[in-house]
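Right, one structure below, let's go through it.
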Amino acid sequence: ERTAAAAVDASSGGDWDLFLQAQNYEEGKGVTRNWRKARQLYERVIQGPNREAAGFAALALGKHYLKPGSRKPEKAATYFKTGVSLEEPWSMMQLAEIYERGGGVMMSLLGARDLYTRAASGRDPKATMYAHAALGRLHTRRPLRDTNKAIHHLQRAIALGDYWSAYPLIKIYAGRRNTAKNRARIRELLLVLRNSGDPKAVESAGYLRRKL
């Protein structure tokens, strides 16, 4: 995953210096916490020539307005849209989640699908993984219900390392005709959960095995 810190390590000066100053004011690192100054600096970065830094600044501003005490979903969505215009994959993910859930802005599953699809083909491997998982989930819901697409995206997410995508995929196979092929696939997916090393995933595998 390419984080802001990694990007700063690879570059220096200019917009990245402003971005770091903004982070310091937002988090109170070495200076008195001051959101007004942080916001002003992030805004300057967005207006600057470095598109990657601008994308991270837009993401930071959007995430701030989703925090308890500062929550303004419409304002957050506006900044995430700026990040999307700069091809920032996590802004695509955040805006897609807002569209998927509603919560202060108009719900749009089609809009969420389009943004997840863009993030899935983006430059960040972790965003790609989570975007496929989200697309798999979306395609189990009306009006986007399409079992074959759900299976495709969930399998892709698992291949990229998201073992939790095995859980909804097991439910899909369990709901289909109880063929030998589906039972074998369910056993494979239960193994994915058990081998994850995550105690909660292992517990979930045991629960599903007993239930199915």
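Quick look at the numbers
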{"read-out": "Residue within segment 66-89 that is open to solvent by 20 Å² or more (accessible area, probe 1.4 Å), farther than 22 Å from TYR25 by Cα and aromatic (Phe, Trp, Tyr) present", "value": "no"}
{"read-out": "Condition check for GLY122: assigned to a helix (DSSP H, G or I) and touching a helix residue (DSSP H, G or I) at 6+ places or on another chain (Cβ under 6 Å)", "value": "no"}
{"read-out": "The lone exception for LYS126 - which of (1) closer than 30 Å to SER91 by Cα; (2) free of Cβ contacts under 8 Å to residues at least 60 places away in the same chain; (3) basic (Lys, Arg) it fails", "value": "(2)"}
{"read-out": "Total residues in segment 61-100, condition of a type in the set (Lys, Arg) and in a helix (DSSP H, G or I)", "value": "3"}
{"read-out": "Residue tally, condition crowded, with 18+ Cβ neighbours inside 10 Å and either under 21 Å from ARG101 (Cα atoms) or aliphatic (A, V, I, L, M) (or both), over segment 141-158", "value": "6"}
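Residue by residue, here is whether (1) of a type in the set (Ser, Thr, Tyr); (2) surrounded by fewer than 19 Cβ atoms within 10 Å (Cβ to Cβ); (3) closer than 30 Å to PRO89 by Cα holds:
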site: ALA133; (1), (2), (3): no, no, yes
site: SER165; (1), (2), (3): yes, no, yes
site: ALA174; (1), (2), (3): no, yes, no
site: ARG187; (1), (2), (3): no, yes, no
site: LEU193; (1), (2), (3): no, no, yes
site: GLY197; (1), (2), (3): no, yes, yes
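The values are calculated or read from the model by the stated rules, or taken from the named source; none is laboratory data. These numbers come from a predicted model, not from an experiment. Note: ideal-geometry Cβ built from the backbone for every residue, glycine included; neighbour counts use all protein chains shown. Each accessible area value is taken on the protein alone, full model and side chains, heavy atoms only, with ligands, DNA and RNA left out. Shrake-Rupley method; radii C 1.70, N 1.55, O 1.52, S 1.80 Å.
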